[in-house]
Amino acid sequence: MRKVGLLVLFLLAAFVVTGYLLPKHVHVERSITIDRPANMMFELLNGYQYYNEWSPWLERDPEAEFIVSGPETGVGARLNWIGDPRLVGSGWQEIVASIPYERIEIKLDFDAQGVADTGFELVAEGDATRITWFFDSDLTRGVNLVDAFLARYFGLLFDRWVGGDSEKGLANLKQYAESLELSEFNQLEIDRV
């Protein structure tokens, strides 16, 4: 019986030590090429007026409430959501940097579930655009010691969880963008700041 107790104690110690050795930072990214120009894709992503046309989360929780505030586009554009805690939870996201036709950076806050930096990189490829949706998070930021420990284990699954949502969202974005007429976006001009 003592050997079993020692084995259990050893396994528990190994679990704890391993947990604190696991990375606390996660990075997930997915890319897709969309047959639409970078100015059009930038316009679709640089605010939240088109968000529900391609978001992977509206489909998951159709009853969720999405509230857009701040400027219509660019830095300060904000989206708050409240949904079923088992499906999409609640939180907010806000555009914090916007470089026309190249990059959009977003601060993401999942309320009690942590924070992340996310966004989109756009690379023109002729008349198409390569879009990379990225997600970065320090899993231990803003959480207590026990949650920080457990978050490191959950971090092992982030690529599958977040990556799957990113793949779905990018596929939705591609379908939506390629269904729109190019003429709707040909006259867009955005001044560089």
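How would the range 81-181 be classified by its alpha-carbon gyration tensor: rounded, prolate or oblate, with rounded meaning a/c under 1.5 and the a/b versus b/c comparison settling the rest? Prolate, because a/c is 1.5 or more and a/b exceeds b/c. Over the range 1-126, the fraction of Cα-Cα pairs per 10 Å bin, rounded to whole percents and listed from the shortest bin up, is 11, 31, 27, 13, 9, 6, 2, 0. A Gaussian network model of the chain, with springs between Cα atoms under 10 Å, assigns the largest mean-square fluctuation among Tyr48, Tyr20, Tyr153 to Tyr20. Across Val146, Val96, Val115, mean-square fluctuation computed from a Gaussian network of the chain (C-alpha pairs under 10 Å connected) peaks at Val146. Phi-derived couplings, Karplus 6.51 cos²θ - 1.76 cosθ + 1.60 at θ = phi - 60°, listed residue by residue for the range 160-169: 6, 5, 5, x, x, 5, 5, 4, 5, x Hz, with x used for Gly and Pro.
Springs join every pair of Cα atoms under 10 Å in this Gaussian network model of the chain, and among Pro23, Pro100, Pro85 the largest mean-square fluctuation is at Pro85.
Mind running the shape call on the range 25-79? Use the C-alpha gyration tensor, a ≥ b ≥ c as the square roots of the eigenvalues: rounded below 1.5 for a/c, prolate if a/b tops b/c, oblate otherwise. The shape class here is rounded.
Take the Cα of Asp111, step 7 Å along the line toward its Cβ, and report every residue of the range 52-91 whose backbone nitrogen sits under 14 Å from that point. Inside the label zone: 64-67, 80-91. Averaged over its residues, the range 1-101 has an accessible area of 58 Å² per residue, based on protein heavy atoms and a 1.4 Å probe.
Under the rule a/c < 1.5 gives rounded, and otherwise a/b versus b/c splits prolate from oblate, where does the range 71-111 land using the Cα gyration tensor? Prolate.
With all protein chains in place and a 1.4 Å probe, the accessible surface of the chain carries 57 percent carbon and sulfur. Annotation: peptides 117-128, 6-17, 58-69, ranked by per-residue average of other Cβ atoms within 10 Å with the highest first, follow the order 117-128, 58-69, 6-17. Label-to-label distance for Arg130 and Ile67 is 4.0 nm, based on points extended 7 Å past Cα in the beta-carbon direction.
Using a simple spin-label model with pseudo-atoms 7 Å out from Cα toward Cβ, Glu121 and Phe15 lie 3.9 nm apart. Dipole of the chain computed with +1 at Lys/Arg Cβ and -1 at Asp/Glu Cβ about the Cα centre; of Gly164, Ala14, Ala148, farthest Cα towards the positive end is Ala14. Could you tell me the calculated FRET efficiency between Ser31 and Leu157, based on Cβ-Cβ distance and R0 = 22 angstrom, to the nearest 0.05? Efficiency for this residue pair is about 0.60. With R₀ set to 45 Å, the beta-carbon distance separating Ile99 from Lys24 gives a calculated FRET efficiency near 0.95. Considering only His25, Asn80, Val68, whose Cα is most displaced toward the positive end of the charge dipole of the chain, charges sitting on Cβ of Lys, Arg (+1) and Asp, Glu (-1)? Result: His25, furthest along the dipole toward the positive end.
Remark: the chain carries a charge dipole of roughly 1380 debye about the Cα centre, counting +1 on each Lys and Arg Cβ and -1 on each Asp and Glu Cβ.
The values are calculated or read from the model by the stated rules, or taken from the named source; none is laboratory data. Treat the numbers as computed from the prediction; the structure is a model and nothing was measured. All Cβ positions, glycine included, derive from the backbone under ideal geometry; neighbour counts span all protein chains shown. For the accessible areas, the whole protein counts, side chains as well, though only heavy atoms, and no ligand, DNA or RNA atoms are used. Shrake-Rupley method; radii C 1.70, N 1.55, O 1.52, S 1.80 Å.
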